[in-house]
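Here it is, the structure in full.
The values are calculated or read from the model by the stated rules, or taken from the named source; none is laboratory data. Every value quoted in this text rests on a predicted model; they were computed, and no experiment measured them. As a convention, Cβ positions derive from the backbone with ideal geometry for all residues, glycine included, and neighbour counts pool all protein chains shown. We work out accessible area using only protein heavy atoms, side chains counted, and drop any ligands, DNA or RNA first. Shrake-Rupley method; radii C 1.70, N 1.55, O 1.52, S 1.80 Å.
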Amino acid sequence: PLLKRIAERERAPMYVVGEVTGDMIFRFVAGGRNPIDLNLAYLFGSSPKTILKDKTQSKAFKEIAYTGDQLSTYIKDVLRIEAVACKDWLTNKVDRSVTGKVAMQQCTGPLQLPLNNTGVMTLDYSGKKGVATAIGHAPVAALIDPDAGSRLSVAEALTNIIWAPIDDGLKGISLSANWMWPAKNTGENARLYAAVKSISDFAVDLGINIPTGKDSLSMTQKYPDGNVVYSPGTVIVSAIGEVTDVRKVVTPTLTDKEGTVLYYIDFSSDQHKLGGSSFAQTIGCIGNTVPTVKDTVYFVRAFNAVQELIKRGRILSGHDISAGGIVTTLLEMTFAINQTGLDINLDGIEENDIIKILFSENPGIIIQLSSENDVLPLADSGIRVIKLGTVAPERTLTIRKNNRTIKFDIDELRDVWYETSYLFDKQQSGAAHAGARFKNYKIQPLQYVFPQAFEGKMERYGISPSRSLKTGIRAAIIREKGVNGDREMAYSMHLAGFDVKDVHMTDLISGREDLSDVNLIVFVGGFSNSDVLGSAKGWAGAFLFNEKAKRALDNFYARTDTLSLGVCNGCQLMMELELLYPDLTVHPEMLDNSSGKFESGFINVTIHENNSVMLHSLAGSRLGAWVAHGEGRFSLPDGENSYCIAGRYAYADYPGNPNGSDYAAAILISKNGRHVAMMPHLERSIFPWQWPWYENNREQDEITPWIEAFVNARKWISGSS
């Protein structure tokens with residue numbers, strides 16, 4: 001009965017399909033017939049052991065040939081290859097803020113470019129602990145040497161996750177292995193055996209486990225003309241670990257402080273080798289000699305030593321060395337900002353071949369420290385740390401080696417790196433929007449103006465994450481099947497001092513709830529009814545065509561002691577129900593994004609002078625907020641002055657205006673200031689760790705200015721009740 005009540009409330013069809021009998025017989029009965037009557041012993045009895053036989057085959061590939069005078073061309077070609085190039089075309093179309101627990105996603109820095117090494121989710125809204133994940137793979141290296149390919153996949157996953165402070169260091173990490181292999185072809189089973197044995201031995205030596213994984217062993221495509229294509233055998237390794245403090249996760253974006261020092265730490269203990277590298281692919285070959293991890297004991301020691309520096313907050317920025325080599329790592333550390341460059345000297349690296357130094361993909365990392373004194377703990381632990389250079393004021397990457405000096409224009413190379421994303425984006429957004437994104441990504445940096453009186457402390461607002469007593473100030477979340485922003489919204493309201501109740505549309509339709517005991521309602525974001533009818537039209541119909549729900553809504557808005565907020569999908573609902581401006585003849589509408597696709601990003605919003613109960617104290621501020629929607633374009637056909645626009649996207653052009661809204665509108669309010677409809681997710685932006693880039697000089701903030709919207713609502717209600 002409990003399950004049935006929950007299923008009915010959530011609009012989740014439930015069927016009783018059978019019962020557990022305990023007699024180890026599986027029966028299927030239908031219409032008096034019994035088509036299946038199976039003794040489970042036949043199904044789960046002892047199965048025969050599978051024995052595979054294969055022949056080991058040796059393969060030789062074309063050797064790598066290059067000249068030192070083509071360095072500039074080589075760098076541009078490597079930056080263009082898909083494995084290295086910008087992935088903005090992928091990351092901007094997936095929701096990277098849902099749940100409000102996302103502490104790190106793909107994008108970083110004031111330009112929000114997809115460069116982060118690891119993803120981090122918090123365990124809850126009030127604590128600082130979280131979970132980090134990262135992946136690694138080396139398919140081209142595995143073509144040459146399956147043994148080394150497995151070790152490189154694990155090493156890449158670990159040098160990606162290293163930037164999050166992991167509880168118990170390397171021992172606190174578990175791995176998952178997803179095998180992608182063209183098995184049952186001559187030589188491939190033998191290669192797969194070598195790869196599995198290698199990764200098993202490596203994990204044992206590292207002291208970490210691989211408790212799970214998946215096999216995809218039919219990676220062979222046969223064509224009618226007789227041609228056969230094998231997918232390169234590889235293992236995709238996922239790493240996961242508990243994070244001790246999500247606020248200490250290190251990003252690849254340089255701190256633009258001149259004189260800070262960059263260091264190189266090699267994790268491979270191997271010579272620089274170009275086999276399997278992106279560089280090799282750009283010149284039409286893959287080579288025969290690939291790097292590997294030769295000293296596992298040293299790898300463990302280096303990993304844990306770097307972890308200690310991260311936990312102590314000593315590393316300003318850091319990036320792993322993988323696809324594209326050291327030169328790509330150095331450039332990517334500068335890409336997400338518009339200031340500063342790097343002055344690099346490679347003489348400390350024993351290898352004399354500058355091509356091998358810059359493009360080999362030996363596992364390793366580069367870290368930025370405030371001073372040379374900060375590197376002493378690593379040296380004391382026996383870690384081989386090589387000073388590379390310093391952050392410089394000019395916007396160039398200067399590389400010195402053996403009395404040779406080469407300078408590269410960082411902004412020019414950043415465009416080369418981004419262009420591949422632009423070419424992909426043209427296929428999904430069209431030439432105009434892809435071109436606008438390519439043009440504007442570097443001239444629309446995140447810039448903030450906080451309210452003058454904002455201190456960033458919860459105490460100032462009389463709030464506490466540990467509150468357990470009720471305040472008597474009542475609010476409700478209104479949700480429909482498919483919404484996904486209810487948890488973070490409920491917590492934001494609770495933190496601000498509301499007693500929050502959960503109201504499903506079925507509660508209103510059935511009459512179990514009528515909203516008479518609440519003063520604030522919030523229509524939350526998500527995809528009500530999977531958005532199959534578009535822009536919350538189905539959700540609106542649940543109000544308009546159900547008498548009890550419609551009466552509850554009308555009665556709530558007829559009262560003078562109520563407030564309402566609609567965010568994202570809830571904003572669309574308020575437009576459909578014409579709740580903001582009931583007296584207008586021409587109402588605002590929500591249309592498809594002008595790009596024709598879902599848009600996700602962390603963007604700038606400016607708040608104007610306004611009479612909103614919730615937003616008046618934020619007037620004059622310029623804040624960051626998440627957006628994640630496919631139909632977020634405000635259509636304001638009656639002209640700008642007919643509607644109360646309280647907030648706008650700080651940049652009028654795409655992608656700063658992510659949906660093409662008229663007048664760059666992001667937030668509309670009712671004329672009496674009591675009701676707000678907005679597309680940006682303020683509830684996913686109330687903590688500094690939720691912002692993918694926050695002011696460096698505000699590291700001690702506990703809360704962001706968005707909390708004021710909820711606190712203002714609480715104060716207004718408590719004063720009017």
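Could you pull out the residue among 573, 565, 580 that is assigned to a loop (DSSP other than H, G, I, E, B), closer than 23 Å to residue 681 by Cβ and within 34 Å of the chain's Cα centre (by Cα)?
Numbers: 573 fails: assigned to a loop (DSSP other than H, G, I, E, B); 565 fails: assigned to a loop (DSSP other than H, G, I, E, B).
After applying the criteria, what remains is 580.
Further question: I need a count of the residues in segment 615-649 that are surrounded by 24 or more Cβ atoms within 10 Å (Cβ to Cβ) and either closer than 11 Å to residue 603 by Cα or among the β-branched types (Val, Ile, Thr) (or both).
Selection size over segment 615-649: 7.
Could you please tell me which pairs satisfy a Cβ distance under 7 Å, a separation of 6+ or placement on different chains, a first residue in segment 182-202 that is touching a residue at least 60 places away in the same chain (Cβ under 8 Å), and a second residue that is aromatic (Phe, Trp, Tyr)?
188/181
Would you check if residue 383 is open to solvent by less than 20 Å² (accessible area, probe 1.4 Å), part of a loop (DSSP other than H, G, I, E, B) and modelled with pLDDT of 95 or more? Let's see the steps before the verdict.
Numbers: open to solvent by less than 20 Å² (accessible area, probe 1.4 Å): yes; part of a loop (DSSP other than H, G, I, E, B): yes; modelled with pLDDT of 95 or more: yes.
When the stated conditions are applied, residue 383 passes them.
Taking residue 399 and the conditions (1) open to solvent by less than 40 Å² (accessible area, probe 1.4 Å); (2) more than 31 Å from the chain's Cα centre (by Cα); (3) closer than 20 Å to residue 267 by Cβ, which numbered condition does it fall short on, given that it satisfies the others?
(3)
I'd like the residue in segment 131-190 that is charged (D, E, K, R) and assigned to a helix (DSSP H, G or I) and, out of all such residues, is most open to solvent (accessible area, probe 1.4 Å).
Of all residues in segment 131-190, those charged (D, E, K, R) come to 145, 147, 151, 156, 167-168, 171, 184, 188.
Checking the rest, the ones that are also assigned to a helix (DSSP H, G or I) come to 147, 151, 156, 171, 188.
Details: 147: 68, 151: 35, 156: 36, 171: 157, 188: 8 Å².
Result: 171.
Here is a follow-up. Give the residue that is farthest from residue 345 (Cα to Cα), with candidates limited to residues of segment 388-405 that are in a strand (DSSP E or B) and in contact with a helix residue (DSSP H, G or I) (Cβ under 7 Å, 6 or more places away or on another chain). Before the answer, list the steps.
Going through segment 388-405, the residues in a strand (DSSP E or B) turn out to be 388-392, 396-401, 404-405.
In the following step, the residues that additionally are in contact with a helix residue (DSSP H, G or I) (Cβ under 7 Å, 6 or more places away or on another chain) were identified as 396-397, 401.
Values: 396: 14, 397: 11, 401: 6 Å.
Within segment 388-405, the match that is farthest from residue 345 (Cα to Cα) is 396.
Given the criteria in contact (Cβ under 8 Å) with a residue 60 or more places away in the chain and either touching a strand residue (DSSP E or B) at 6+ places or on another chain (Cβ under 8 Å) or among the small types (Gly, Ala, Ser) (or both), does residue 627 qualify?
Working: in contact (Cβ under 8 Å) with a residue 60 or more places away in the chain: no; either touching a strand residue (DSSP E or B) at 6+ places or on another chain (Cβ under 8 Å) or among the small types (Gly, Ala, Ser) (or both): yes.
Spelling it out, it is not the case that residue 627 is in contact (Cβ under 8 Å) with a residue 60 or more places away in the chain and either touching a strand residue (DSSP E or B) at 6+ places or on another chain (Cβ under 8 Å) or among the small types (Gly, Ala, Ser) (or both).
Further question on the same structure: How about segment 83-95: which of its residues are under 24 Å from residue 569 (Cα atoms), open to solvent by 20 Å² or more (accessible area, probe 1.4 Å) and part of a loop (DSSP other than H, G, I, E, B)?
Let us first name the residues in segment 83-95 that are under 24 Å from residue 569 (Cα atoms), namely 89-95.
Restricting the remaining residues to those that are open to solvent by 20 Å² or more (accessible area, probe 1.4 Å) gives 89-90, 93-95.
Answer for segment 83-95, where residues must be under 24 Å from residue 569 (Cα atoms), open to solvent by 20 Å² or more (accessible area, probe 1.4 Å) and part of a loop (DSSP other than H, G, I, E, B): 93, 94, 95.
Still on this structure: Name the single residue that is nearest to residue 138 (Cα to Cα) among those in segment 195-213 being assigned to a helix (DSSP H, G or I) and open to solvent by 40 Å² or more (accessible area, probe 1.4 Å).
The extreme case among them is 196.
In segment 650-691, how many are under 20 Å from residue 592 (Cα atoms), of a type in the set (Phe, Trp, Tyr) and crowded, with 21+ Cβ neighbours inside 10 Å?
Count: 1.
Here's another thing I want to ask about it. Can you name the residue in segment 453-478 that is more than 31 Å from the chain's Cα centre (by Cα) and not hydrophobic (A, V, I, L, M, F, W, C) and, of all such residues, is farthest from residue 108 (Cα to Cα)?
Step by step, filter segment 453-478, then rank; the result is 472.
Is it the case that some residue within segment 326-345 is open to solvent by 40 Å² or more (accessible area, probe 1.4 Å) and in contact with a Gly (Cβ under 9 Å, 6 or more places away or on another chain)? Let's see the steps before the verdict.
Kept after step one, since they are open to solvent by 40 Å² or more (accessible area, probe 1.4 Å), are these residues of segment 326-345: 338-339, 343, 345.
Next, only the ones that are in contact with a Gly (Cβ under 9 Å, 6 or more places away or on another chain) stay: 343, 345.
Yes, segment 326-345 contains at least one residue that is open to solvent by 40 Å² or more (accessible area, probe 1.4 Å) and in contact with a Gly (Cβ under 9 Å, 6 or more places away or on another chain).
Moving on. Here's a check for you: in segment 454-488, which residue that is of a type in the set (A, V, I, L, M, F, W, C) and closer than 19 Å to residue 127 by Cβ is surrounded by the fewest Cβ atoms within 10 Å (Cβ to Cβ)? Explain how you work it out, then say what you get.
Here is the first cut: in segment 454-488, the ones of a type in the set (A, V, I, L, M, F, W, C) are 454, 458, 463, 469, 473, 475-478, 483.
Right, trim to closer than 19 Å to residue 127 by Cβ and you get 458, 463.
Working: 458: 17, 463: 19.
Per the criteria, the residue is 458.
Could you check residue 63 against (1) in contact with a Phe, Trp or Tyr (Cβ under 7 Å, 6 or more places away or on another chain); (2) in a loop (DSSP other than H, G, I, E, B) and say which number it fails?
The number of the failed condition is (1).
Of (1) open to solvent by 70 Å² or more (accessible area, probe 1.4 Å); (2) under 29 Å from residue 99 (Cα atoms), residue 556 satisfies all except one. Which?
Going through the list (1) open to solvent by 70 Å² or more (accessible area, probe 1.4 Å); (2) under 29 Å from residue 99 (Cα atoms), residue 556 breaks only (1).
Listed here are the residues, each with its yes/no results for (1) closer than 30 Å to residue 706 by Cα; (2) open to solvent by 70 Å² or more (accessible area, probe 1.4 Å).
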{"position": "4", "(1), (2)": "no, yes"}
{"position": "14", "(1), (2)": "no, yes"}
{"position": "25", "(1), (2)": "no, no"}
{"position": "52", "(1), (2)": "no, yes"}
{"position": "61", "(1), (2)": "no, no"}
{"position": "72", "(1), (2)": "no, no"}
{"position": "76", "(1), (2)": "no, no"}
{"position": "98", "(1), (2)": "yes, no"}
